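A short worksheet on the structure shown next.
The values are calculated or read from the model by the stated rules, or taken from the named source; none is laboratory data. Note that this is a predicted model, so its numbers are computed, not measured. Cβ placement follows ideal geometry from the backbone for every residue including glycine, while neighbour counts extend to all protein chains displayed. Note: areas computed on protein heavy atoms with side chains; ligands, DNA, RNA excluded. Shrake-Rupley method; radii C 1.70, N 1.55, O 1.52, S 1.80 Å.
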Amino acid sequence: LLVCGIANPKPLKEYLLKNVYTYYQKDYGDHHIFSIDDLKEIKERFSNISAKQKIIITTEKDAVRLAKFNDELKDLPLYVLPIRHTFLYDEGEQFNNLIVSFIRNFSFNPTT
């Protein structure tokens, strides 16, 4: 069961389509704050899956939001898929250089 509350789940769903036989999903809006009712829905949806081998998969972002239900989730097979961030147009190195340059040249002068 994929539990997903991110803006663009398309790459994640494509990954699952390539790597698992089948999956079900429970989608939420981006930046969703999970409630106890959401947790009940997730648990119910998971229990209704008839497969013998099943897990719950979520993103790092959603796992942080679900962490408040640690006690309720501890007996469930919940796994977190890490998401690798990339920069458009391969500009990651340029971004890193800007940050390093800013830090090296930073000066704090509270009197000005």
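Consider residue 37 carefully, then state whether it is in contact with a Cys (Cβ under 7 Å, 6 or more places away or on another chain), of a type outside the set (S, T, N, Q) and open to solvent by less than 100 Å² (accessible area, probe 1.4 Å). So that I can check it myself, show each step before the final result.
Details: in contact with a Cys (Cβ under 7 Å, 6 or more places away or on another chain): no; of a type outside the set (S, T, N, Q): yes; open to solvent by less than 100 Å² (accessible area, probe 1.4 Å): yes.
Judged against the criteria, residue 37 is not a match.
Residue 50 fails exactly one of the following numbered conditions: (1) loosely packed, with under 10 Cβ neighbours inside 10 Å; (2) within 26 Å of residue 8 (Cα to Cα). What is the number of that condition?
Of everything listed in (1) loosely packed, with under 10 Cβ neighbours inside 10 Å; (2) within 26 Å of residue 8 (Cα to Cα), residue 50 misses just condition (2).
Of the conditions (1) touching a residue at least 40 places away in the same chain (Cβ under 8 Å); (2) within 13 Å of residue 4 (Cα to Cα); (3) over 12 Å from the mean Cα position of the chain (by Cα), residue 59 clears all except one; give me its number.
(3)
Show the residue pairs meeting these rules: Cβ distance below 6 Å; 6+ apart or different chains; first residue within segment 63-80 and under 15 Å from residue 44 (Cα atoms) and free of Cβ contacts under 8 Å to residues at least 24 places away in the same chain; second residue assigned to a loop (DSSP other than H, G, I, E, B) and open to solvent by 40 Å² or more (accessible area, probe 1.4 Å).
Within 6 Å, the pairs are 77/55.
Hey, among 78, 73, which residue is open to solvent by less than 90 Å² (accessible area, probe 1.4 Å), touching a strand residue (DSSP E or B) at 6+ places or on another chain (Cβ under 6 Å) and at pLDDT 90 or above? So that I can check it myself, show each step before the final result.
On the way: 73 fails: touching a strand residue (DSSP E or B) at 6+ places or on another chain (Cβ under 6 Å).
One residue alone meets the criteria, 78.
Which residue out of 59, 111 is in contact with a helix residue (DSSP H, G or I) (Cβ under 9 Å, 6 or more places away or on another chain) and either open to solvent by 70 Å² or more (accessible area, probe 1.4 Å) or polar (S, T, N, Q) (or both)? Explain how you work it out, then say what you get.
Working: 111 fails: in contact with a helix residue (DSSP H, G or I) (Cβ under 9 Å, 6 or more places away or on another chain).
Matching residue, one of 59, 111: 59.
Test each condition in (1) at pLDDT 90 or above; (2) open to solvent by 70 Å² or more (accessible area, probe 1.4 Å) for residue 87 and report the one that comes out false.
(1)
Can you tell me which condition residue 95 does not meet? The list is (1) touching a residue at least 12 places away in the same chain (Cβ under 8 Å); (2) open to solvent by less than 100 Å² (accessible area, probe 1.4 Å), and all the others hold.
Condition not satisfied by residue 95: (1).
Does any residue in segment 1-27 that is within 18 Å of residue 46 (Cβ to Cβ) and open to solvent by 40 Å² or more (accessible area, probe 1.4 Å) come within less than 7 Å, Cβ to Cβ, of a residue that is among the acidic types (Asp, Glu) and modelled with pLDDT of 90 or more six or more places away or on a different chain, and which pairs are these?
26/41
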